[in-house]
Amino acid sequence: STQSTWGIIKQSVMVNKKYLLLASVCSLLATQPVFAQEGVQTAKWSGRDMTYRGQSYDVLDTNYVPGFRMKQHRKFLNHQYAFPARPRNMWEIGFGAGLYNVSGDVPTLMAWQTKGGGSMGYHLHVRKAWGYVFSTRLQYIYGTAKGMQWQESRNYRYNPGWKDFYQAAILDNLNQPTDPVFYNYRLEAHQLNLDLIASLNNIKFHKAKTGVSAYAFVGLGAYAYNTRVDARDKAGQPYDFHQILRTQSPADSFYLVRNQIHENRRDIQKALQAGMDGEYEQDAEHERDRRRPEIFNNKTLQFAPSFGLGFQIRLSQRINLSIEDRVTIPWDDDLLDGQRWSEQVFGSPVQTSQNDAVNYLNLGLNFNLGNKRKSIEP
């Protein structure tokens with residue numbers, strides 16, 4: 001009796017295991033089509049009333065799409081393609097002004113430090129966007145820059161802007177008297193650039209429209225410049241620079257002569273400008289018609305790569321304000337400030353090791369041109 005009962009129990013367990021195994025197999029077969037459907041699932045389109053119409057423009061309006069892009073846009077409208085065609089965009093023109101300075105061997109003067117104006121730049125440009133990130137810009141810049149050294153030099157033996165009017169130190173005869181000079185310059189330049197601009201906002205910011213946008217650019221262009229120095233007074237005579245400093249010194253007449261240190265640099269520059277006529281009558285050292293071509297009668301023509309960063313502030317659909325800084329480095333040129341000779345070796349100077357560069361920090365006003373019913377903002 002006990003054996004028969006135990007047999008019935010074993011038979012019941014085996015039957016339950018069979019049913020459990022069968023149920024597992026059925027469940028596996030039932031889920032397999034679901035995974036197969038997920039693997040081949042195509043894009044689903046919601047009703048047209050759920051389509052994002054856009055904040056900058058109506059994405060369903062075909063007036064914004066040029067004819068050669070209509071094929072893609074028709075597929076989008078017929079639910080055959082996920083993305084609309086890129087719309088037309090407006091042209092941008094702009095103008096502006098800003099600080100124009102040379103980074104070189106002679107300390108630059110800011111616009112508010114110059115006598116008679118200078119160290120200012122002005123520009124005009126036209127820009128066209130070619131997508132959501134890149135655009136090209138053609139820009140013309142006119143600028144003048146001024147500089148004034150606050151420490152005297154006697155080592156200008158090879159500098160034609162100064163050596164013909166003053167006695168420089170000569171290595172072969174260091175015992176002879178020498179004349180101190182303070183290097184100065186006025187640069188006038190014309191610059192034409194073709195820039196490639198990349199909008200930094202469209203890389204990561206998930207916004208349809210932003211009030212402030214950042215951008216970076218690189219440019220290639222032509223740079224035509226002429227640099228002159230103020231080496232003589234109105235009578236055509238050389239300056240007595242020490243006498244100028246003695247006249248302008250506050251109390252001790254020899255204070256600025258003896259203390260040509262960084263702390264006194266502004267006082268020395270002011271004193272020199274007050275005692276000089278500011279005519280810049282003499283050509284600085286240049287390489288026109290030697291290593292560089294001449295243009296506009298008296299300007300050196302240079303190849304000039306440049307780069308910079310900027311920000312645009314949207315004022316309206318048609319107008320924006322820009323703040324930008326451009327650094328231009330004319331190719332292999334150390335004469336933008338008219339000076340390339342170091343203070344070593346005394347009496348036989350060597351050339352300095354670094355070339356000059358131009359910095360243009362500017363504020364601009366830009367306008368978008370085009371039919372706003374057919375083109376979007378660039």
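The values are calculated or read from the model by the stated rules, or taken from the named source; none is laboratory data. Not measured: the values here are computed from a predicted model. Note that each Cβ is placed from the backbone with ideal geometry, even for glycine, and that neighbours are counted across all protein chains shown. In case anyone asks, the SASA skips ligands and DNA or RNA and just uses the protein heavy atoms, side chains included. Shrake-Rupley method; radii C 1.70, N 1.55, O 1.52, S 1.80 Å.
Among the residues making up the stretch 122-137, those that are over 16 Å from ALA97 (Cα atoms) and either touching a Phe, Trp or Tyr at 6+ places or on another chain (Cβ under 8 Å) or among the aliphatic types (A, V, I, L, M) (or both) are ARG127, LYS128, ALA129, VAL133, THR136, ARG137.
Kindly provide the set of residues from the stretch 298-324 that are within 14 Å of ASN193 (Cβ to Cβ) and out of contact with any Phe, Trp or Tyr (no Cβ under 6 Å at 6 or more places or on another chain), ordered by number. Passing the criteria: PRO305, SER306, PHE307, GLU324. The listed residues are ALA145, ALA235, ALA222, and the only one of them that is open to solvent by 40 Å² or more (accessible area, probe 1.4 Å), within 30 Å of TYR122 (Cβ to Cβ) and among the hydrophobic types (A, V, I, L, M, F, W, C) turns out to be ALA222.
The single condition from (1) more than 17 Å from MET148 (Cβ to Cβ); (2) open to solvent by less than 50 Å² (accessible area, probe 1.4 Å) that GLN269 fails is (1). If you take the residues in the stretch 330-358 that are in a strand (DSSP E or B) and touching a Gly at 6+ places or on another chain (Cβ under 9 Å), which one is surrounded by the fewest Cβ atoms within 10 Å (Cβ to Cβ)? Looking at residues that are in a strand (DSSP E or B) and touching a Gly at 6+ places or on another chain (Cβ under 9 Å), I get ALA357. Please find, within the stretch 272-290, the residue that is surrounded by the most Cβ atoms within 10 Å (Cβ to Cβ) out of those that are among the aliphatic types (A, V, I, L, M) and either free of Cβ contacts under 8 Å to residues at least 40 places away in the same chain or in contact with a strand residue (DSSP E or B) (Cβ under 7 Å, 6 or more places away or on another chain) (or both). Checking each candidate, the answer is ALA284. Please indicate, with yes or no, whether at least one residue in the stretch 109-126 is of a type in the set (Val, Ile, Thr), under 30 Å from ARG373 (Cα atoms) and within 25 Å of the chain's Cα centre (by Cα). Checked the stretch 109-126: at least one residue is of a type in the set (Val, Ile, Thr), under 30 Å from ARG373 (Cα atoms) and within 25 Å of the chain's Cα centre (by Cα). Counting the residues of the stretch 156-199 that are touching a Gly at 6+ places or on another chain (Cβ under 7 Å) and among the polar types (S, T, N, Q) gives 3.
The residues listed here are LEU321, LEU315; of these, the one that is within 20 Å of the chain's Cα centre (by Cα), over 19 Å from ALA145 (Cα atoms) and of a type in the set (A, V, I, L, M, F, W, C) is LEU321.
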